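Here is the structure we will look at, set down as structure tokens.
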Amino acid sequence: MGTTKTMFKDLWIDLDASAINKTGAGTVKRLVGLDAICPMFIGVRAPGMLRTFILELPRDSAPLPEIIPASRGLYFTVQITGDEILPDHASLILSSSAVGYNEIFASIAEDLYSKLESPLVS
């Protein structure tokens, strides 16, 4: 299976390298949407090397974890990580559930980013 070329290709490579060299568990992430409708990050979770897409939302707007749908190949959660940009925000985290899903996940993350990168025009 060939690799998919995405707008974040070089960033994914950098994140993978950083995650491999990370001491201990955690997510290596980079801000990709500072001027978007909400802060957006892509990252790689170590040690499993799972790709992630993170949106920071006001806590009162975040869905409850028990109503988040399940999907094969994707893991979806809401949590307060402690490193959110704004103190009253929570992280909505979408991640691949296995390394084998990372390539398709990269395309999904790029599509989400493209849809959310520009503020809504009323």
Selection count where residues are of a type in the set (Lys, Arg) and outside any loop (DSSP other than H, G, I, E, B), scope the range 69-90 | 0
When only residues in the range 57-112 that are hydrophobic (A, V, I, L, M, F, W, C) and touching a Lys or Arg at 6+ places or on another chain (Cβ under 8 Å) count, which is surrounded by the most Cβ atoms within 10 Å (Cβ to Cβ)?
-> 109
The one condition residue 31 fails out of (1) within 11 Å of the chain's Cα centre (by Cα); (2) surrounded by 15 or more Cβ atoms within 10 Å (Cβ to Cβ) is (2)
For the range 74-94, pairs from a residue that is under 15 Å from residue 53 (Cα atoms) to a residue that is in a loop (DSSP other than H, G, I, E, B) and among the β-branched types (Val, Ile, Thr), with Cβ under 8 Å and 6 or more apart or across chains, are 76/68; 77/68; 78/68; 90/80; 91/80; 91/81
One residue from 52, 23 being free of Cβ contacts under 8 Å to residues at least 40 places away in the same chain and β-branched (Val, Ile, Thr) = 23
Qualifying positions in the range 36-78 - within 25 Å of residue 14 (Cβ to Cβ) and of a type in the set (Lys, Arg) | 45, 51
Hey, can you tell me all the residues within the range 15-55 that are small (Gly, Ala, Ser) and assigned to a loop (DSSP other than H, G, I, E, B)?
-> 24, 25, 33, 36, 48
When both residues are 6+ apart or on different chains and their Cβ atoms are under 9 Å apart, which pairs have a first residue that lies in the range 101-113 and is over 11 Å from residue 74 (Cβ atoms), and a second that is among the acidic types (Asp, Glu) and in a helix (DSSP H, G or I)?
-> 102/16
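Each reported figure results from applying straightforward, stated rules to the coordinates on display, with no laboratory input. Note that the structure is a prediction, hence the values are computed from the model and not measured. With ideal geometry, Cβ positions are generated from the backbone for all residues, glycine too; neighbour counts draw on all protein chains shown.
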